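Read through the structure below, which is laid out as structure tokens, and then see the notes.
The values are calculated or read from the model by the stated rules, or taken from the named source; none is laboratory data. Everything numeric here is computed off the predicted structure, so don't read it as measured data. A quick note on method: Cβ atoms are made from the backbone with ideal geometry, for glycine too, and the neighbour counts reach across all protein chains shown. Ligands, DNA and RNA are stripped out before the accessible areas are found, and what is left, the full protein with its side chains, is counted by its heavy atoms. Shrake-Rupley method; radii C 1.70, N 1.55, O 1.52, S 1.80 Å.
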Amino acid sequence: MTQSNLPQFNNTDQAFKHLTNGELSRAVTLFSLLGKPWLVSMGSALAKLALALRIPVGWAVRPTVYAQFCGGESIADSEGTIAKLAEHGVQTILDYSAEGQTEESNLDHTCSEVLATIHAADGDARHACAVFKVSGLSSNVLLEKVGQSLRGEVKLTLEEHAAWERVQARVRTLCEATHQAGGRIMVDAEESWIQDAIDAIAEDMMSDYNRDKVVVFNTVQMYRHDRLAFLETMVARSTEGGYLSGVKLVRGAYMEKERSRAEDMGYPSPIQPDKTSSDKDFDAAVDWVLDHLDQVHLVAGSHNEASNLRLCEGMRARGIAAQDPRVSFAQLLGMSDPITFNLAAHGYNVAKYVPYGPIREAIPYLIRRAQENTSVAGQTLRELELLKQEQLRRSSLR
Ligand SMILES: Cc1cc2nc3c(=O)[nH]c(=O)nc-3n(C[C@H](O)[C@H](O)[C@H](O)COP(=O)(O)OP(=O)(O)OC[C@H]3O[C@@H](n4cnc5c(N)ncnc54)[C@H](O)[C@@H]3O)c2cc1C
């Protein structure tokens, strides 16, 4: 693979090779429907109502949004998806996300589910790494309080202290198992008011497990105006401490929530003033990491065509090979296939998050995917346009 051969994200043959004609039609129908905000709002409201009233929704959800955005009901059920991605040079990141749990038994259960994803990836090159959310292993109330205590604003009670020890033990179990398996694990980033606790635990794990190679990756959200500086200090701390950093760079998923909380509670919003500023910092962070690959390894989690292309160009300009294990790309299953599969065809390390789990439990995730595909209308339309182009291309061959 030559360095000058940059991917063309509008190569629809390459982008959708993995889809049968039937799957292509399903994606066209689905993305056309997701482009209608009124329909997405109505569908989301109905799905929430059905969940609350325990009305079965599987018949409507399984062949549509669930088939598009989820791997299956279990790891074994996701095997077809994992195999298909691997056939086209794309790795899997199994994503078990339980949300809003507070009971200790549920937190332990999430921990064992994530552990199962680590074991599934062990020795299987079709998997890129594991991933988890700290909020799946701790109550959010505790994470917020720990953040306040780290900033010296409050003291934890004995009971909170013990609960935090249990959270740390769960995170350590996951990182230790990943280390034993010779794999990698990413800690997702979440809302700013719980992020200080997440950063603290992620850095703690990096310091323990990233001595010789990068096992643990923290996530940095560039829609926050303070994160470029944070990224640099996080890496400086690791270099001083004699370990490597791993970073997943994303723009950030909680913008509306962040802004409205800041407004309600009367503090300055941590979010950039506009999209251009988020884009600028995302690109600046990518450039900075590419210039410091001896200290920090990168996973770029983005569906933005320009950002992905810019990263490829940045690698080429610095003489970094597409296959360099220090740089990876990631997208979510069912989204931005033109980016993922064209990157794979050009030899880049690229993976899809493959969420899995029972349909009812996946509904909040599916509602977010539907809403995201409505709110980033430009991107959804672009994907729809490419899907339709591929349908035309295939029919012209018949
Ligand atoms: C593999 C992967 C892993 C991810 N992991 C995480 C994670 O751990 N934590 C997390 O929070 N998110 C995560 N995300 C989601 C990510 O943060 C984005 O929400 C999503 O990918 C859309 O951003 P984009 O770069 O793909 O593209 P774009 O569509 O170009 O960017 C949209 C994003 O830009 C920002 N933005 C939009 N409008 C404005 C505005 N007016 N002002 C300021 N900023 C604005 C927002 O962050 C918005 O989500 C992940 C995404 C992927 C693909």
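With a 1.4 Å probe and all protein chains in place, put Leu386, Leu19 in order of accessible area, largest first. Don't jump to the answer; show the numbers that get you there.
Values: Leu386 5, Leu19 30 Å².
In descending accessible area the options line up as Leu19, Leu386.
At 222 nm, what value in deg cm²/dmol follows for the chain if DSSP H runs of at least 4 each add -39500 (n - 2.57) and the sum is divided by all its residues, to the nearest 500? So the calculated ellipticity at 222 nm is -18000 deg cm²/dmol.
Could you identify which residue out of Glu103, Glu159, Glu79 has the top mean-square fluctuation in a GNM of the chain using Cα springs shorter than 10 Å? Highest fluctuation among the options: Glu159.
Multiplying each eigenvalue of the alpha-carbon gyration tensor of the stretch 71-360 by 5 and taking the square root yields semi-axes of 28, 24, 19 Å, largest first, rounded to whole angstroms.
Given Cα pairs under 8 Å that are at least 6 residues apart, what percent is the relative contact order of the stretch 4-84? Could you put the intermediate results ahead of the total?
Details: 22 pairs, mean separation 15.4, N = 81.
For the stretch 4-84, the relative contact order is 19 percent.
Can you give me the accessible area per residue for the chain, using a 1.4 Å probe, in Å²? Provide the component values of the computation, followed by the final result.
Values: 17390 Å² over 398 residues.
Accessible surface, normalised per residue, equals 44 Å².
Residues considered: Lys155, Lys248, Lys133. Largest GNM mean-square fluctuation over the chain, using C-alpha springs under 10 Å, is found at Lys155.
Note on Glu372: accessible area approximately 60 square angstrom, rounded to 10, probe 1.4 Å, nucleic acids and ligands left out.
Considering only the chain, what is the antiparallel percent among its DSSP beta bridges, to the nearest 5?
Working: 1 of 30 bridges.
So the antiparallel bridges in the chain amount to around 5 percent.
Under the criterion of Cα pairs below 8 Å and six or more residues apart, the relative contact order for the chain equals 26 percent. If you take the charge dipole of the chain about its Cα centre, with +1 on Lys and Arg Cβ and -1 on Asp and Glu Cβ, which of Ala189, Phe9, Ala262 is farthest toward its positive end? Of the listed residues, the answer is Phe9. D by Stokes-Einstein for the stretch 123-210, Kirkwood Rh over Cα pairs, 37 °C, 0.692 mPa s: 241 µm²/s. Largest GNM mean-square fluctuation across Asp95, Asp281, Asp77, computed for the chain with C-alpha springs under 10 Å, falls on Asp77. When the stretch 71-360 is described by a simple charge dipole with +1 on each Lys and Arg Cβ and -1 on each Asp and Glu Cβ, the residue from Thr276, Gly241, Leu174 located farthest towards its positive end is Thr276. For Lys84, the aspartates and glutamates whose Cα falls under 15 Å of its own Cα, not counting residues fewer than eight places away in the same chain, are Glu23, Asp124, Asp337.
In debye, nearest 20, what is the charge dipole magnitude of the stretch 71-360 about its Cα centre with +1 on Lys and Arg Cβ and -1 on Asp and Glu Cβ, if you could check?
Working: 28 positive and 45 negative charges, 111 e Å.
Its charge dipole is roughly 540 debye.
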